[in-house]
């Protein structure tokens, strides 16, 4: 069966077809680019539904010979053979569905992108392949390859289609993530050298089964494992990002085109969470215990640091950027709790934040297009002119601050519940972030939608924020028109999903239960 | 029918969704959707109540989320308290829906208003059906959302925007306490269910220290929601919302949710003496504290708002003094008379288009329905005998005397004096005296008067559910027959009566007959007057301490972020760059250099190999 390969590489069809479209035919490009994201969406939803009905996801595993690194006679046949291997479980599945959904919505939202549309969609689809591949890979080498695809695609999307300081943002992104990747590569190389395999399941077997441990090419001491885990966590902490590795995220959030941020904040950051769970807890459960306290501490720092800085921002994108830092802290809190609630909470928070940040940036895109600015000081009273838009923006703010009944609450609640079992005092300190979240979300959104309408050409006198100019994307292009039908569709879908997860989280929790249980067994808990 | 109680909240939810989708098209007809939905809720709730009167508690649960081996549930629990609250909320909500049709007529966002009312009613009904803390918390925050949306209904007013934000944030501070308390309880008992938690208290699974900590944390949530000191400052500002909203949310139902929560967890609170004392003290202090501020307010709604805070303090005092029944009794009578007072105030505002009582006067004749109904409300809240408030307040004073500290009892008596004084100050200023340029002021439509009339009847009648003369029906039913009437000394009722008449008399002297100068207080102790007018400077204190501290930290972090963190990143980038240029110097095309680099590299590798035996770590 080639189901997973089909799922991951189906956007390739769109890429090929796009090659034959004229550069100037923007309608065709938009249509084709959007249509190309639909096949993976259908396949992902199909897999999700089927697994809900009891289909065993292991049956989707794929493996093919790819590279044989050595032919030394004393090694077993399997050693140093890197195969093309895909395979998913419940954990990967929820991330794949998230990716597929957000990719389609981001493609829809890309109608506001006007320059060099063809190249834009080519890279957007490449980005989708990379993301789907990251979550489908069953092999470290392939995981890394797909990860690098996202890195390149993202670098170009930010650098070419971004705002005024796009190149700086793109290089910043490349620098941080490149260093993270380099570290990851070292870890992968060491693991491969010592075990002779890059397959997750085999690695797991070799590292944990005393019988299989004899097959190690060379032994891995407990200290060595701790180093490897430390490297992994550091590499993924950059992706997540954890304070103090977050500066690139702020730049990318501000400078990248909003539909790309939908995918960036929605999916790419979650690779950090996914990696920590899959490889950190999955491969080094015993060593992970000794890192749990640090992770939880960094989680709390992230939550408070992000929230406190979000308070001060007067540019909506920066508010959202720091709120992403804060929300990724909740993921770390869940992982640091290292119990069932915590791990499940970290995943739920990842998905929830993916949906919510996508919604926010979808709206940011519309706002920038209509008003020519996302500078809060220059906006006000929008509810009058754009009631529908304002309603959606308020919904996004409420989701962001973790209102029950919406997805954000489920993630935060479950993660904090986890940490309250293991480190109640630390968790209580982190819970203060919930207050700050309410302050910054409401402050930003009410200043835009409530109050007296402002003249958007009103100069911001004495603004000391250097990024105020970067916020303006030129003159308003659309005039003040409320959310239009085509823009309202992705917004409505996202709100519907946010409500669905918030009201009935079992929808997401069900596929995770088995995975979380396996992890807990690994942890010996 | 109790097994179908979950349907009750769904009608207003349906109304919310329908109005959100089609409200703009239906315009003024939206009111009928809301009114019909809440009427169905009310009827359904009454059937449930009647069922519960003759039956026993019903509970049902459904899976919400599983975490490992634990299943978190949502469900319904029809206890006596819940059935009672369900009917009460549905009733007041329905009356306010009817009243709003007239009050909000012509508003541009009429359908949105009804949509929000529906959302709020749904959340409130969901809250009072909760069988567990998690569900209570979910709906607890959702009622806060309804309140937030309706306070900010006039979104273009800067005051409304600020008030809405403040209401959400202040209550959120309390909610975080609630959340922490609830999670602590969860890990002690492995359940959010009230019954499981009560059982854990009973069999000692829950240590006394943990119980005290958790319930006090949860009580912080109640402090926030019920506008108790020191988290009360949002409630007076919440008066920026439309007046029917103030009646429903900020008088009768949502602000009483804190009292309800403590009542729902009563066995837990009873297990901790410290917690009970905390509840009683906060309640008693709030009762007198808010009443003093109420003395000098000039905005009709703000007087009522401070009075609400004060009355909620009474209810907390009752709970802290161990009298669950007195608290719920007063919650009920207060819901009726305070909703009545707010709706009547709305009718006054509707007629004269101002909220400043110093610009009002002589409206008794112009508002022939509103005025007497307001008087009924004022008499009831002042605790004049034969009115509902008299019976419920008496019950609280009795409880405070028998179980509470003496000081709190006397504070409550003093607050009762102040209550009747400020209520009748309000009454005389608005309705007596000479009419002032409100020639066109006239009574509102029947749709506004009728709900007030119903509430007027209830502001008298609801007191007779629980009297020393006709038996304690409410108490016996609420406690499943375990209720025993506190043998309080008879002089308390006499004292309460004297106090209440004294306050009315004083108000009459100053504002009715004007035999005493109005500036009697401000002339003698101007600084006290100033202190009260500025609400004890609480808002200013918060601004100068908490708010400026947070903003200071935030500014500090901004510098850290911009210089320290960014600087480190530059440093890292610089090192990489330096390494790159150093490395490229080795590749200058000269064979000698390549040779040197190769030898050096080999030497390093050999050293490493020699030191580690080939396997590092």
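Read-outs: derived from the displayed coordinates by stated rules, not from any lab. Remember, it's a predicted structure, so these values are computed and weren't measured experimentally. A quick note on method: Cβ atoms are made from the backbone with ideal geometry, for glycine too, and the neighbour counts reach across all protein chains shown.
At-a-glance table
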quantity: Residues residue A:167 and residue B:587, FRET efficiency given R0 of 25 Å [Cβ-Cβ distance, rounded to 0.05]; calculated: 0.40
quantity: Number of partner chain Cβ atoms within 10 Å, mean per residue of A:165-175; calculated: 1
quantity: Kirkwood-Stokes translational diffusion coefficient of region B:131-515, alpha-carbon pairs, 20 °C, 1.002 mPa s, µm²/s; calculated: 102
quantity: Relative packing of peptides B:323-334, B:455-466 - highest average C-beta neighbours within 10 Å first; calculated: B:323-334, B:455-466
quantity: Taking the convex hull of Cα positions in region B:1-130, its mean projected area over all directions (nm²); calculated: 8.4
quantity: Sorted by Cβ density within 10 Å, fewest first, the residues B:110, B:120, A:95; calculated: B:110, A:95, B:120
quantity: FRET efficiency for residue A:61 and residue A:35, using Cβ-Cβ distance with R0 set to 35 Å, rounded to 0.05; calculated: 0.75
quantity: Largest-first principal axis extents of the Cα set of region A:1-109 (Å); calculated: 60, 38, 20
quantity: Relative contact order [Cα under 8 Å, 6+ residues apart], chain A, whole percent; calculated: 14
quantity: Radius of gyration and Dmax over the Cα atoms of chain A, both given in Å; calculated: 22.5, 79
quantity: Proxy reagent accessibility, fewest Cβ within 10 Å first, across B:391, B:219, A:46; calculated: A:46, B:391, B:219
quantity: Hydrodynamic radius of region A:45-168 per Kirkwood, over alpha carbon pairs, in Å; calculated: 16.8
quantity: Alpha-carbon Rg with Dmax, taken over region A:284-525, Å; calculated: 19.3, 62
quantity: Value of relative contact order over region A:284-525, rounded to a whole percent, pairs C-alpha under 8 Å and six or more apart; calculated: 29
quantity: Region A:335-406 - convex hull of the alpha-carbon atoms, volume per residue in Å³; calculated: 104
quantity: Crossing angle, helix B:110-127 versus chain B [Cα axis fit, 0-90 degrees, rounded to tens]; calculated: 80
quantity: Crossing angle, helix B:80-103 versus chain B [Cα axis fit, 0-90 degrees, rounded to tens]; calculated: 80
quantity: Label-point gap, in nm, between residue A:221 and residue A:388 - each point 7 angstrom along Cα→Cβ; calculated: 6.6
quantity: Computed over the protein assembly as shown, Kirkwood Rh from alpha-carbon pairs, angstrom; calculated: 31.8
quantity: C-alpha center-to-center spacing [region B:44-86, region A:167-181] in angstrom; calculated: 54
quantity: Distribution of pairwise C-alpha distances over region B:245-305, 10 Å bins, in %; calculated: 19, 38, 31, 11, 0
quantity: Gain upon complete extension [residue B:529, residue B:550; 0.36 nm per residue less C-alpha separation]; calculated: 4.4 nm
quantity: Using a Förster distance of 56 Å, the FRET efficiency for residue B:609-residue B:20 (Cβ separation, nearest 0.05); calculated: 0.20
quantity: Rough spin-label spacing in nm, given labels placed 7 Å along Cα→Cβ, for residue B:543 and residue B:386; calculated: 4.9
quantity: In degrees, nearest ten, helix A:38-52 long axis to first principal axis of chain A (Cα); calculated: 60
quantity: Net lengthening on full extension, residue B:402/residue B:28 (0.36 nm per residue, minus Cα-Cα); calculated: 129.3 nm
quantity: Theoretical gain in end-to-end length, residue A:500 to residue A:429 [0.36 nm per residue, Cα-Cα removed]; calculated: 22.6 nm
quantity: Sequence of B:183, A:371 once ranked by neighbouring C-beta atoms within 10 Å, starting from the fewest; calculated: A:371, B:183
quantity: Region A:382-450: C-alpha gyration tensor shape, a/c 1.5 cut-off, then a/b vs b/c; calculated: oblate
quantity: Label point distance in nm, residue B:270-residue A:50, each placed 7 Å from Cα along Cα→Cβ; calculated: 5.8
quantity: Diffusion coefficient, µm² s⁻¹, Stokes-Einstein with Kirkwood Rh over alpha-carbon pairs of region B:199-330 at 37 °C and 0.692 mPa s; calculated: 221
quantity: Relative contact order (percent, whole number), region A:60-164, Cα cutoff 8 Å, 6+ residue spacing; calculated: 26
quantity: Whole-Å distance, taken between Cα centres, linking region B:190-251 and region B:294-355; calculated: 19
